[in-house]
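Heads up: the structure comes next, in structure tokens.
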Amino acid sequence: MLAHTFSRSAMNDLNETELFSKIQLELINRYQVDPNLASEMTWDLMEVLSAVDSNFDIFEKYFLQ
């Protein structure tokens, strides 16, 4: 059971890392935001989404196409 919990946690961390990269690249490429600012904006957005228990998969599916 502990291994399953660990693997779920590792998967969530990996998904959040991938999502972070996708959001940051979207800000840089689509809106020509400075990479450092895009990084800050991405962290802020992910914190807000986490605070309201958002589903990152749905966010990625509908907003990062």
The range 37-48 - phi-based ³J(HN,Hα) in whole Hz, Karplus 6.51/-1.76/1.60, Gly and Pro as x: 5, 4, 4, 4, 5, 5, 4, 4, 4, 5, 5, 5
Protection-proxy order for peptides 29-36, 53-60, 42-49, each taking the mean of Cβ atoms within 10 Å per residue, highest first: 42-49, 53-60, 29-36
Extension gain, N55 back to S39 (0.36 nm per residue minus Cα-Cα distance, nm): 3.7 nm
The range 50-65 - phi-based ³J(HN,Hα) in whole Hz, Karplus 6.51/-1.76/1.60, Gly and Pro as x: 5, 5, 9, 6, 6, 8, 5, 5, 5, 4, 5, 5, 9, 10, 10, 9
Pairwise label distance in nanometres, Y31 with Q65, each label 7 Å out on the Cα-Cβ vector: 2.0 nm
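Values in this text are rule-based calculations from the coordinates and carry no lab data. Predicted model only: the values in this text are computed from it and were never measured. Ideal geometry is used to build each Cβ from the backbone, glycine not excepted, and the neighbour counts take in all protein chains shown.
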